[in-house]
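The values are calculated or read from the model by the stated rules, or taken from the named source; none is laboratory data. All values reported here derive from a predicted model rather than from experimental measurement. Cβ placement follows ideal geometry from the backbone for every residue including glycine, while neighbour counts extend to all protein chains displayed. Each accessible area value is taken on the protein alone, full model and side chains, heavy atoms only, with ligands, DNA and RNA left out. Shrake-Rupley method; radii C 1.70, N 1.55, O 1.52, S 1.80 Å.
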Amino acid sequence: MAALEELESLQTRILQRITHLELSPHLPESISHSLSLSTVASATEERLSAVLRAGGVKDFSFKRVPSDYYDWPLESRRDVLGAPSVDHLCKSIVLVNTQAPPSVTDCSDHNNSKYYVVVVQYTARFNAETVKNFLYLLNNGKVPKKKFNLRLAPEDVSQKLTGFEHNGVTCVGMKTDIPVILDEAIVKLNPDFFWLGGGEIDLKLGIRTSELIDFVKPFIVNCSGT
């Protein structure tokens, strides 16, 4: 009984210490934020979790990160997410085909869309030329190659199409059915569980690669280099 009381007393002192640290005006913002991160799921997390489960995805996880996460080196981001390597840290970017014919204004034709979402590693360099060649072949050469010129979409366009802010973009639960291109390098990761944006700037989504592919059905393209 004495041991139990001592343990309870120790736990109480630890909780009091954490509270004191959180309220301390001298505590660095990033540490204070990390200590007080809520374990309550946000509306975004609940919605995307429902979307994933409805799509048959079972192996996924959301994790809240500090507000200065994007100021950290990749190694620190890896550690806070518990990712196996920095290569498992990925991002979703919205691209616009600036040379699309006037008749191509939306995403109704996934083979020849005005917009694409590309998922690539932070450690890789995106190669727009390989995607251009892929789309040209995908359309059996019926669309001239000069009609494909993929560039980063303006932030306001990206947010309007996806419903997500910059650094929060994810290829799950987007407002628009934008075709997704998944870099082949991500498919080759071992273990096959990677992290990407989770719908909010400080929310990240970890997901089993094979389950994401089954659900999103992306084009898998070798579209990056190191």
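Output the residue which, of all residues in segment 141-158 that are of a type in the set (A, V, I, L, M) and open to solvent by less than 100 Å² (accessible area, probe 1.4 Å), is farthest from Gln99 (Cα to Cα). Taking the candidates together, the pick is Val157. State all residues of segment 209-226 that are touching a Lys or Arg at 6+ places or on another chain (Cβ under 8 Å), assigned to a strand (DSSP E or B) and either surrounded by 17 or more Cβ atoms within 10 Å (Cβ to Cβ) or acidic (Asp, Glu) (or both); if no residue qualifies, say none. The answer is Ser224, and nothing else.
Report yes if Thr170 is touching a Ser or Thr at 6+ places or on another chain (Cβ under 8 Å) and closer than 21 Å to Thr98 by Cα, otherwise no. Here the answer is no, as Thr170 does not meet what is asked.
Among residues of segment 97-127 being open to solvent by less than 10 Å² (accessible area, probe 1.4 Å) and part of a strand (DSSP E or B), the one that is farthest from Glu75 (Cα to Cα) is Asn97. When Ser61 is tested against (1) over 23 Å from Ser158 (Cα atoms); (2) open to solvent by less than 50 Å² (accessible area, probe 1.4 Å); (3) at pLDDT 95 or above; (4) not in a strand (DSSP E or B), just one condition goes unmet, and that condition is (4). The set of residues from segment 168-208 being among the basic types (Lys, Arg), touching a residue at least 12 places away in the same chain (Cβ under 8 Å) and open to solvent by 40 Å² or more (accessible area, probe 1.4 Å) comprises Lys175, Arg208. Return yes when Leu89 is within 30 Å of Leu137 (Cα to Cα) and modelled with pLDDT of 50 or more and no when it is not. Taking the combined requirement at face value, the residue satisfies it. Go through segment 71-96 and report how many residues are assigned to a helix (DSSP H, G or I) and closer than 14 Å to Phe193 by Cα. The number of residues fulfilling the criteria is 5.
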